[in-house]
Amino acid sequence: MTRLRNLLISRWGPVITGAIIGILAPILVYYGNPGNMGICVACFTRDIAGALGLHRAAPVQYIRPEIIGLLLGALFAALAAREFRPRGGSSPLIRFFLGLFAMIGALVFLGCPWRAYLRLAGGDVNAIPGIVGLVIGIVIGVQFLARGFSLGRSRPAPAAAGWIMPALAVVLLVLLLTAPLFGRDADGVPTGPIYFSSTGPGSMAAPVALSLVVGLVIGALAQRSRFCTVGAFRDVILLRDAHLLRGIIALVLAAFVTNLVLGQFHLGLADQPVSHTNALWNAGGMVLAGLAFTLAGGCPGRQLFMSGEGDADAGVFVLGMAAGAAVSHIYSLASAPAGPAPYGPAAVVLGLIFCVVIGFTARDHQSA
Amino acid sequence: MEPVLVDARGYSCPQPVIMVRKALGQLNQGPLRVLVDGATSRDNVTRLAQREGLSVESQATADGGFELLLTR
């Protein structure tokens, strides 16, 4: 155990974590998750928002156990390593909107950075403009970081602040397992509070126990190794430090091989699962997501793991993502397999304006 | 020589690393004392310092963070 612990905090930690994600995510697809969506932090947070009725897009409503597992796995790892530290107060409202716009961008592309890499490893060529856009967004974010952008210091917070997100994960697990139904309307349609898709991606899911265990394992590994799909490129550009990037390379290679073994590798542009072929907005959505994640300090997975470590600011970002999912589906911003939705591109531009204004204006006057 | 202090507590990465790198650039020879609030920042600052050929001494502080001493 001690050796594994030391290995995870070594420079090989992200590689091990990435490889294990690369193996387990396609296995989740094999057991029922949507194509090239073994784990997608954005899509799955969106599904949870739908299951709670925050949006009513019927095909994408399910309480994804992977998200619960990722957060609680990070919590357990942080507690075991004595790294659970309740903290907060670093511009939570800005972080809420960064999460909201990151989600809008991700849903124009149809995936978070994790899924971008998993789509690539499944042969979906549309992932390439998405990843190019992601890197452009990160490069822009790094320019702001290098010029003194800061959301300010966080401070130690009361213990309760650190426990709210883990408690929320437990509540979601209870709602998943009990799926309470308050009633039906005159047409027999459930009135909630929990909605599960009967068709579409939201109806495609690996068994609950498998999804939960995979989430727990990955959450624990990622908490120890600080795995981050946005920090990977950020640290190479900003610090010439490639140790996180090696984790991404390991993820893509492991997922590619696993997909080949399971017969899930299909090279092409058209008819890829939960994907569209508009290269401009595949890239554009991810420029916004990459920039918002970089300004907030990490990819959506990392925000979940930090939520599990007691970081209330990361928790606010995650709630912002859930709100972004609701906004995306209520106002026709989220893309469909046919292509971008009517107002998706405009929302991406609005989000970029928000991020650039924050990037130029957010400075920490105490840091000097 | 009294070490120069970088107080990076409360900042999330990569900011502590940027602050330390900036301080190292302005520093001639003397040691650098760095305060961080968690293990992630400790590890990231340590990795930067080791890449720059500095030696790093780390010790836990009473507030649950770490104090790092970077010397050439």
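The values are calculated or read from the model by the stated rules, or taken from the named source; none is laboratory data. These numbers come from a predicted model, not from an experiment. All Cβ positions, even for glycine, are placed from backbone atoms using ideal geometry, and neighbour counts span all protein chains on display. Accessible surface areas use protein heavy atoms only, side chains included; no ligands, DNA or RNA. Shrake-Rupley method; radii C 1.70, N 1.55, O 1.52, S 1.80 Å.
Quick notes on this structure:
- Considering the conditions (1) at positive phi; (2) out of contact with any Gly (no Cβ under 7 Å at 6 or more places or on another chain), residue A:36 is excluded by exactly one of them, (2).
- Residue match in the range A:215-223 (condition: under 30 Å from residue B:50 (Cβ atoms) and in a loop (DSSP other than H, G, I, E, B)): no
- Residue match in the range A:47-58 (condition: closer than 23 Å to residue A:323 by Cβ, in contact with a Leu (Cβ under 8 Å, 6 or more places away or on another chain) and either of a type in the set (Asp, Glu) or within 14 Å of another protein chain (Cβ to nearest Cβ) (or both)): no
- Scan of the range A:227-266 for residues that are within 11 Å of chain B (Cβ to nearest Cβ), at pLDDT 95 or above and open to solvent by 20 Å² or more (accessible area, probe 1.4 Å), ordered by number: A:237
- Residue that is farthest from the other protein chains (Cβ to nearest Cβ), among those in the range A:143-157 that are assigned to a helix (DSSP H, G or I) and surrounded by fewer than 19 Cβ atoms within 10 Å (Cβ to Cβ): A:143
- Look at the range B:58-72: where a residue is acidic (Asp, Glu) and a partner is outside any loop (DSSP other than H, G, I, E, B) and open to solvent by 80 Å² or more (accessible area, probe 1.4 Å), sitting 6+ places away or on another chain with Cβ atoms under 7 Å, you get B:67/B:59.
- Residues that are assigned to a helix (DSSP H, G or I), in contact (Cβ under 8 Å) with a residue 40 or more places away in the chain and more than 11 Å from chain A (Cβ to nearest Cβ) within the range B:1-54 comprise just one, B:24.
- One residue stands out in the range B:14-37 among those that are open to solvent by less than 20 Å² (accessible area, probe 1.4 Å) and closer than 16 Å to residue A:152 by Cα: the one that is modelled with the lowest pLDDT, namely B:14.
Conditions (1) among the hydrophobic types (A, V, I, L, M, F, W, C); (2) closer than 20 Å to residue A:28 by Cα, marked per residue:
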site: A:232; (1), (2): yes, no
site: A:236; (1), (2): yes, no
site: A:246; (1), (2): no, no
site: A:254; (1), (2): yes, yes
site: A:279; (1), (2): yes, no
site: A:285; (1), (2): no, no
site: A:292; (1), (2): yes, no
site: A:301; (1), (2): no, yes
site: A:307; (1), (2): no, no
